[in-house]
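Comments concern the structure below.
The values are calculated or read from the model by the stated rules, or taken from the named source; none is laboratory data. Computed from a prediction, not measured in an experiment: that's the story for all the values here. Glycine gets a Cβ as well: all are built from the backbone with ideal geometry, and neighbour counts include every protein chain shown. Areas reflect the complete protein model, heavy atoms only, side chains present, ligands, DNA and RNA absent. Shrake-Rupley method; radii C 1.70, N 1.55, O 1.52, S 1.80 Å.
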Amino acid sequence: MTNSRRNFLQKLTASFIALPLLSTKSYANIEKDITGIFYDGPVLRVAIMGLGSYGTRVADAIQACTKVKLVGAISGTPSKLTAWQSKYTIPEKNCYNYENFDAIKDNPDIDAVYIITPNALHKEQTIRVAKAGKHVICEKPMALNAKEGEAMIAACKKANVKLLVGYRMHFEPKTLEVIRMRNAGEMGKVLFFQGLCGFRIGDPTQWRLNKDLAGGGSMMDIGIYAVNGSRYMVGEEPVWVTAQETKTDPVKFKEGVDETIQFQLGFPSGAVASCLSTYMMNGLDRFYLNAEKGFAEMQPSTGYGPIKGKTNKGELTQEHKTHQTVQMDEMAAIILEGKQPIVPVDGEEALKDLKIIDGIYAAVKSGRKVSLKL
Ligand code: NAD
């Protein structure tokens, strides 16, 4: 569309332009026109699977999206579906449970399903959504291990649907500025990264402390931010890992549920990373990157924000935007327009983290350095 036509349309009243757009399925987020941002491109119509705490956060964030509309919900709890229908104006015909959601394949009003359930369910649910012919957005960790991740990637490829993973930090403006500086050579050669990620976990009965549902402990849930952050902050893929586990409360953190793990990564350039993942220390959320001519320091570094930080050039001042709103709009552009993100968010990207996590657990078990082939 030409600029003059866009300007002309922007000057029309929202009610006038809303009417014809309403009849164009999958197009145009009318409320955005009313709030002043005109958008006439395609909209990704998403159903959320798993209406828990993060699912609700994402649903709320989508309300401010330009390119995404929440149109469906999948839950095992009928009362949650009813509540979401009225809170988010979701039609009943777009609501499913865990038994019948394969029928989503016959629903032309849903383009993608965002899986926000406990980690151990991601693999099977992703494969079912792919078989239903819908794009998949899956929460981190994508799966419990690399083998599962590979099966998910293969299923999505076979079904010719996209598989994206909820790496919201890959779209965060201060994080992207550090990456830009590093790529532009404004810090010189990267030498060292430190990632500290953790919190003190509460309720011992929650799924995050159940190996069958979580696939591990702090590493699967919060340590993955240090794993993933090591890669996007250093800008290379690690070639080896060493790791050590400490457990102070074996009652709360049962066999296979890690409480605290320290791990080290080595990169081809010679850069190293030293990271901590824990469910036993409060408010650990810090990244530090050291380079020959500069540095980046972020704290908080991966929480919901605002992210705060500074580099050798001064304070990071990029505007805070709700991470999940930005992530969803960017993912819509990736799925609908083939946009290439600066840091990938696809299944292959998530598989690399799973390979590193497999390596971390193997290194804890053997006490040896483990080679990585990403
Ligand atoms: P949650 O416990 O609040 O919600 C999980 C939902 O899954 C609940 O609604 C629950 O009813 C449902 N569920 C379906 N089958 C279940 C089963 N068999 N057992 C237990 N619950 C079942 O958890 P959450 O915090 O929303 O986390 C969900 C996923 O989102 C996890 O994979 C987590 O790692 C991820 N997450 C990501 C971020 C992020 O910032 N990207 C933040 C929080 C959580």
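Here's the yes/no breakdown for (1) modelled with pLDDT of 95 or more; (2) aliphatic (A, V, I, L, M); (3) in a helix (DSSP H, G or I):
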{"site": "GLN318", "(1), (2), (3)": "yes, no, no"}
{"site": "ALA332", "(1), (2), (3)": "yes, yes, yes"}
{"site": "GLY359", "(1), (2), (3)": "yes, no, yes"}
{"site": "ARG368", "(1), (2), (3)": "yes, no, no"}
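GLU319 passes every criterion in (1) under 15 Å from the mean Cα position of the chain (by Cα); (2) surrounded by fewer than 17 Cβ atoms within 10 Å (Cβ to Cβ); (3) within 21 Å of ALA61 (Cβ to Cβ) apart from (1). Taking the criterion of being more than 16 Å from the ligand (Cβ to nearest atom) and either in the same structural domain as HIS320 (by TED's automatic domain parsing) or outside any loop (DSSP other than H, G, I, E, B) (or both), the residues of region 153-164 that qualify are ILE153, ALA154, ALA155, CYS156, LYS157, LYS158. Taken together, THR325, THR302 contain a single residue that is in contact with a Cys (Cβ under 6 Å, 6 or more places away or on another chain) and in contact (Cβ under 8 Å) with a residue 60 or more places away in the chain, which is THR325.
LEU176 satisfies every condition listed in (1) of a type outside the set (S, T, N, Q); (2) part of a helix (DSSP H, G or I); (3) in contact with an Asp or Glu (Cβ under 8 Å, 6 or more places away or on another chain); (4) closer than 24 Å to CYS275 by Cβ except (3). Just one of the listed residues (GLY305, GLY338) is modelled with pLDDT under 95, on the phi > 0 side of the Ramachandran plot and open to solvent by less than 60 Å² (accessible area, probe 1.4 Å), and it is GLY305. ARG182: of a type in the set (Lys, Arg), part of a loop (DSSP other than H, G, I, E, B) and touching a Gly at 6+ places or on another chain (Cβ under 9 Å), yes or no? Taking the combined requirement at face value, the residue does not satisfy it.
Among residues of region 216-233 being open to solvent by less than 10 Å² (accessible area, probe 1.4 Å) and either basic (Lys, Arg) or not in a helix (DSSP H, G or I) (or both), the one that is farthest from ALA120 (Cα to Cα) is GLY217.
Does VAL239 satisfy the condition of being in contact with a Pro (Cβ under 8 Å, 6 or more places away or on another chain) and among the hydrophobic types (A, V, I, L, M, F, W, C)? Yes; evaluated as a whole, the condition is true for this residue. Across region 165-198, the qualifying residues are those that are of a type in the set (A, V, I, L, M, F, W, C) and within 16 Å of the ligand (Cβ to nearest atom), and the one among them that is farthest from the chain's Cα centre (by Cα) is CYS197. Residues of region 185-197 that are farther than 15 Å from TYR288 by Cβ and touching a residue at least 40 places away in the same chain (Cβ under 8 Å): GLU186, GLY188, LYS189. Quick check on region 49-62. Is at least one of its residues in contact with a Leu (Cβ under 9 Å, 6 or more places away or on another chain), of a type in the set (Ser, Thr, Tyr), within 16 Å of the ligand (Cβ to nearest atom) and at pLDDT 75 or above? Looking through region 49-62, none of the residues is in contact with a Leu (Cβ under 9 Å, 6 or more places away or on another chain), of a type in the set (Ser, Thr, Tyr), within 16 Å of the ligand (Cβ to nearest atom) and at pLDDT 75 or above.
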